[in-house]
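Report on one structure; see the data block that follows.
The values are calculated or read from the model by the stated rules, or taken from the named source; none is laboratory data. Predicted, not measured: the structure shown is a model, and the values here were computed from it. Because the Cβ atoms are built from the backbone with ideal geometry, glycine has one as well, and the counts that use them run over all protein chains shown. To get the accessible areas, we keep the full protein, side chains included, count just its heavy atoms, and leave off ligands, DNA and RNA. Shrake-Rupley method; radii C 1.70, N 1.55, O 1.52, S 1.80 Å.
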Amino acid sequence: MKRVIFFIVAFFLSLSLSAQDKKYHGDGPDDVLQYVPYASLFVLKATGVDSESSWKRLAVNAAASYVFTAGTAWVLKHSIHERRPDGTDDRSFPSGHCAIAFAGAHALHKEYHHVSPWISVAGYGVATFTAIDRVCRNRHHWYDAAAGAAIGIAATELGYWIGDKITGEHGRYSFSVAPQGISLKIALAP
């Protein structure tokens, strides 16, 4: 495991060093790819692939994971003010794209690891490609991408823990959609 972490860090370092002299290259595939693992959660479930969760649990856990991931990344971006390598703004740390991609990949792993390890590999592969693209296009330093990945995975664990409290055996919640709006009532299980 230590070797894997070492190679990942070394890989991101080499990408960061090679991207430092490049200018901003505009929007890239990462703008869409960051959502692919989350979308895959629901596509696989809708096509009948056996997940660890019911529809109710999957929806609540995925939503909680996404909210914690996006919220944490947003708060840190607006608190730390790290300059992007391309100089366009001071919202580099952490990478929100990487956080969302890795949160979705980790949720995908939690739901479908028992079906095939290749589902997990595909999810983490898309997330890793997103991170590599952000660094190569000079939008982030390697440590922005690594922090985003860590935030996404940790927020997914927290989202699943909270979601399981909501949807657990003693948990109670109601969710309704009406023309007047959306209603969500939550009672946490003890």
Original post:
When only the heavy atoms of the protein chains count and the probe is 1.4 Å, how do S79, S40 rank by accessible area, highest first?
Top reply: S79, S40
Original post:
Of the accessible area of segment 26-144, with the probe set at 1.4 angstrom, what percent is carbon plus sulfur?
Top reply: 67 percent
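Using the structure shown, select from K110/K165; K77/K110; K56/K165 the pairs with a Cα to Cα distance greater than 20 angstrom.
On the way: K110/K165 16 Å; K77/K110 27 Å; K56/K165 13 Å.
Table pairs above 20 Å Cα-Cα are K77/K110.
For a quick protection proxy, order the peptides 94-100, 64-70, 83-89 by their average other-Cβ count within 10 Å, most packed first.
Working: 94-100: 28.1, 64-70: 22.0, 83-89: 14.9.
For the peptides 94-100, 64-70, 83-89, the packing ranking is 94-100, 64-70, 83-89.
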Subject >> Accessible area of K165 in the full protein assembly, 1.4 Å probe (Å², nearest 10) >> reply: 70 Å²
Original post:
Any idea of the accessible area per residue across segment 56-174, 1.4 Å probe, to the nearest Å²?
Top reply: 41 Å²
Original post:
Hey, how many Å between the Cα centroid of segment 124-170 and the Cα centroid of segment 53-81?
Top reply: 9 Å
